[in-house]
Amino acid sequence: MKQKICKVVLMLIILAVTENLAAQDRIAYYDALYFSGLLKHQPKISTNDNTVAKMLRYYMGNDPSIDLQQEVIKNPFLSPYFDVNGEASFNLNSSGSVLNSFASKAGNLDVTNLADGLARFLVNRTKQELGSYFFDRFKEDLDSSRQLRILFPFTSQALGSIDKQIYNYSAYLNLLRDCFQKDLALLLPDLQKLVDDGCMDIVFKKNPELRTILADGLYLVTRLQARVHPGAVIHEYITYRAQRVKLDAVYLNLYPSFQTFDLVSQSLRSKQPNQYWLSADSLNLLFDSRDTATLRIYLGLICQQATKIIFNKNDTLSSKMKTMQLLFDSLKGHYQPYLTALVEKGKRVDESFNAILAYKAKGMEKPTYQDYFTFYDATLNLLDHVKSGTALVGITIPVNAEKKIDLFLYSARSLGNIYVDIYEKQYSSAIVEASGIFETLFHQKIADSIALLNIQLQARNSLLRTSTETAQVVIHNQIALLKKQKGVQEQFDQIGSLLMKYGGLAAAVVKAENSDEVEKAIEAIALPSGSSRVKRESRANVCLNGYVGMFAGNEYIKGAHNKFLNNYGIAAPVGISFSLGGIKGFSKHGNSLGLFVSVIDLGALASFRFKDDSTKTVPTIQLKDIVAPGIFFVWGIAHSPLSLAAGAQMGPLLREVKPSVNTYSNNYYWRFGVSLTVDIPLLNFYNRGK
């Protein structure tokens, strides 16, 4: 298939070169012989013939505004021999210039199917090149980031096995899709592995509260996932899991606030089935104005249990309660809001939890997304009540501390949302939540750390200029270490965005129902930055080449008002590429530099096919419509399929392709500018390795 395409392209180039020579290299002597030869077979030469008109316009400055027929009529030398009314018949078999006769035929050759087929090929190959580059970068990012490998273990293993065959990723899509699905389904356990891994010490050592926030949030969500009642989960957490020294890093009084919440929660448990806490009506019995003994006794029992709940490292909840009992009249107003709010939030938790259990008990379909969302939302609203514990002892939470507590609650809520999303296979939403956790918890911490490293680097550099030779060696080593630390932290700071990028692809591929949707998912994520490697890794290369990408520059039309930078769009030139590869200086991977001589340009067709690949046929296109000779200096960007080119080109007559009609220029014109394109080698003529 590729050989057939290359043969077609070569034929188009040969015809285009011939047509271009006939159109541009006008010599009056030979053209006069050509016209006189036509007159041997017809009384007058028709100016309506495209070839004749093009030849005559050359001598009139190729000015599209000139009325050709009127110019001929006004020329006493030409007017006797040319018919401006279009009545004369034109004989293509007339004698004269063999080159011009052939060019006339070649220029009018219908190349619609050939050109459209080549345009489709270039468009598809462009997408494949970008997709290949995307997966190549995915593998590189996985290899260089332990954090990503932990979050994508199956995908990492698969891409490692594929290794150098990564360019042929499409052959492994089913394998990759299975790996994507496994990784997404195990996102929460993988997050737990990540939190426990030493690769996170880069941020956890300086910010230990972040590990606590994530680890404890994962614990709570995992227990809820096992369908343990939230009241019991919090009791288990404060009894067996939570550690004061770790929670103190979040906020000094967070641990006793959890203890207070759990103490009160356990004191208000209900004996009724399917009801973890007392009802609001039952709670109101404590605050009956006719019976103060009940409230006193209840608080006394709580006070007895509160001797080990210590706020600010010296004030126990018990001692605070004993002091306050002297002002018993205020007790009702002090404790009632806290207890009432807990019971009201607990009621919503009971209802949502029982609704989920009911599905399993009745053998019904699994709970819906809304059921789980309601349950987790009610649970996190209950957990938010922990902050109110300090109010019972008259402590106000500082703003900075409240932000940290909110991070704890935010993390728990997001992790709960991730579970619900994975349960419903809403993987895209799960990835957004996970990426948001990295952005919210780590980004600013890392950014501050990088800013500090920059200051230290500047100080070391300043000191370097005034130090002795011996001291300079030490400072150089310090600078190298600081740069390494900065690089590691910058890489870590990208985890959230990389998770969003690659996780988004994984979610889209898993959700795709057929190969077309998989292809579209890859196209949507694999945006430019990539390229073929042949010319980058070869010392010298000559090949038939296509480029597809964006062009911007100046278009010059004689006689028109030409503004600077007046043209941009999609370019798809095809021609001969001469390049030297393996050039150092821009990148450790090497680059290629060279010249590209364009012959035809299918930019209009490529633009149409990028937007519409379903229309089977396009309006007729002749070879002369896509002729576009030019020369460009090309930089093949290292380790990518992108090339940056600058040069000049005669613009093709074909300006725009539509399903029903094409738009053409009246005459050839010149364009000068730069383009960023995907490099698509079609056929190697010569290649010399390193």
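A few comments on the model shown:
- Classified by the C-alpha gyration tensor, segment 437-520 has a prolate form. Its axis ratio a/c, with a ≥ b ≥ c, is 1.5 or above, and a/b is larger than b/c.
- Whole-Å distance, taken between Cα centres, linking segment 281-325 and segment 33-80: 110
- The H on the amide N of T316, modeled in the peptide plane, is under 5 Å from the matching H of F311, each at least 5 residues off or on a different chain.
- Summarising the amide proton neighbourhood of F82: residues at separation of 5 or more, or on other chains, whose placed amide H is nearer than 5 Å comprise I45.
- A 1.4 Å probe run over the protein chains yields, for segment 375-494, 49 Å² of accessible area per residue, whole-number rounding.
- Solvent-accessible area of R244, all protein chains in place: 60 Å² (probe radius 1.4 Å, heavy atoms, ligands and nucleic acids excluded).
- Among W670, W635, W277, the sequence by solvent-accessible area, most first, with a 1.4 Å probe is W670, W635, W277.
- By a 1.4 Å probe calculation restricted to protein chains, R241 has an accessible surface near 80 Å², given to the nearest 10.
- The 3J(HN,Hα) values that the Karplus relation (6.51, -1.76, 1.60; θ = phi - 60°) gives for segment 402-410 are, in residue order, 5, 5, 5, 5, 4, 4, 4, 5, 4 Hz. Gly and Pro appear as x.
- Atom-type composition of the exposed protein surface of segment 223-361 places 53 percent of the accessible area on carbon and sulfur (1.4 angstrom probe).
- For G651, the residues 5 or more places off, or on other chains, whose built amide H falls under 5 Å of its own are Y669, W670, R671.
- Rounded accessible area of L642 (nearest 10 Å², 1.4 Å probe): 20
- Prolate/oblate/rounded label for segment 405-456 (Cα gyration tensor, a/c 1.5): oblate
- All other residues whose Cβ lies under 12 angstrom from that of Q456 are scored, Lys and Arg at +1 and Asp and Glu at -1, for a net of +3.
- Over 28 Å apart at the Cα level, from the set K205/K404; K139/K246; K139/K206; K246/K445, are K139/K246; K139/K206.
- Rounded Å value of the spacing that divides the Cα centres of segment 259-275 and segment 386-421: 21
- Taking the charge dipole of segment 383-487 about its Cα centre, with +1 at Lys and Arg Cβ atoms and -1 at Asp and Glu Cβ atoms, the residue from T468, V386, P398 reaching farthest to the positive side is T468.
The values are calculated or read from the model by the stated rules, or taken from the named source; none is laboratory data. Bear in mind the structure is a predicted one, so any value in this text is a computation, not a measurement. FYI the Cβ positions are ideal-geometry reconstructions off the backbone, even for glycines, and counts take in every protein chain you see. With ligands, DNA and RNA removed, areas are computed over all heavy atoms of the protein, side chains included. Shrake-Rupley method; radii C 1.70, N 1.55, O 1.52, S 1.80 Å.
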